[in-house]
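Undergrad: Got a structure for you, written out below as structure tokens; questions coming shortly.
The values are calculated or read from the model by the stated rules, or taken from the named source; none is laboratory data. In this text, all values refer to a predicted model and were calculated from it rather than measured experimentally. Neighbour counts run over all protein chains shown; Cβ positions are idealised from the backbone, glycine included. For the accessible areas, the whole protein counts, side chains as well, though only heavy atoms, and no ligand, DNA or RNA atoms are used. Shrake-Rupley method; radii C 1.70, N 1.55, O 1.52, S 1.80 Å.
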Amino acid sequence: ANLRTLKDHGVDHLAVIVHAWQRYGYDVKLPDHMPANPQFGGSAGMTIFGETANDCGYLWSLHENYIDIYPDAPSYDPAVRVLRADGSPSPAWLNQGTGVQSFGIKCNRALDFAKQNSPEIHAAYGTTASYLDVHTCVPPWHQLDHDAAEPMAAMSLFKVQQDTALFQYLRDTHEGPLFGEGARHFYWAGRFD
């Protein structure tokens, strides 16, 4: 209804980013996103939202996160965690609401999670843009993986290469621009929209 009201009032150019929609709640059990959270209308409600946004001619995206992995996520695999120089897993976002500590996802594994989620998101809801959490608000040396078994261990260049591939994958999959979180986004200028 809000989208229709905006369109009726002459708002013809709008980009919508839906943050709280994920299956388990906002920043809970990531990187598992689908299906849409029943508290917000579930898949049926999100389908209606997507159809309405598309009918209004708006760009719209759903919040996706492929930098944090929570140990209570169905897809949790300790082997994908970023390692610090001392070999311990690198903590990422702490969800204050649940008390669950996430860990960084190895940059060369993030695309694997996107491939599990993004095509399904796009096919189910008809997104016309993408939004990637965290990646673009941090510098290229954020969550560098010191795992010596990984290629280019602890090198920012590897992260830039891998994140750039992730960014393009999201653009291609959602058939539109990629939005990201601001702050240190100037490091990523030209690599996301």
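Undergrad: Could you work out how much longer the chain between LEU157 and GLU120 gets when fully extended? Use 0.36 nm per residue separation minus the Cα distance between them, nm to one decimal.
TA: 10.3 nm
Undergrad: Which residues in the stretch 2-28 place their backbone N less than 16 Å from a point set 7 Å from the Cα of GLU51 along the Cα-to-Cβ direction?
TA: 2-4
Undergrad: On the protein heavy atoms, probe 1.4 angstrom, tell me the percent of accessible surface of the chain carried by carbon and sulfur.
TA: 55
Undergrad: Answer with one residue from VAL80, TRP60, GLN39: the one whose Cα lies farthest towards the positive end of the charge dipole of the chain, charges on Cβ with Lys, Arg +1 and Asp, Glu -1.
TA: VAL80
Undergrad: Something else about it: What distance in nm separates the two pseudo spin-label positions at GLN96 and ALA44, each 7 Å out from Cα along the beta-carbon direction?
TA: 3.6
Undergrad: Another question about this same structure. What do you get for Rg/Rh of the stretch 33-75 when both radii come from the Cα atoms and Rh is the Kirkwood radius?
TA: Rg divided by Rh gives 1.08.
Undergrad: Another question, if that's okay. Pick out which of HIS174, HIS146, HIS13 has the largest mean-square fluctuation in a Gaussian network model of the chain, springs linking Cα atoms closer than 10 Å.
TA: HIS13
Undergrad: Hey, another quick one. Hey, what do the phi angles of the stretch 78-83 turn into as Karplus ³J(HN,Hα) couplings, whole Hz, using 6.51/-1.76/1.60 and θ = phi - 60°, x for Gly and Pro?
TA: Each residue's phi maps through the Karplus curve to give x, 6, 8, 6, 5, 10 Hz.
Undergrad: Among 87-98, 52-63, 127-138, what's the highest-first ranking by average C-beta atoms within 10 angstrom per residue?
TA: For the peptides 87-98, 52-63, 127-138, the packing ranking is 127-138, 52-63, 87-98.
Undergrad: Further, regarding this structure: So, for the chain, what is the accessible surface per residue at a probe of 1.4 Å, expressed in square angstrom?
TA: The answer is 47 Å² per residue.
Undergrad: How much solvent-accessible surface does MET152 expose, in Å² to the nearest 10, with a 1.4 Å probe and all protein chains in place?
TA: Estimated to the nearest 10 Å², MET152 gives 70 Å².
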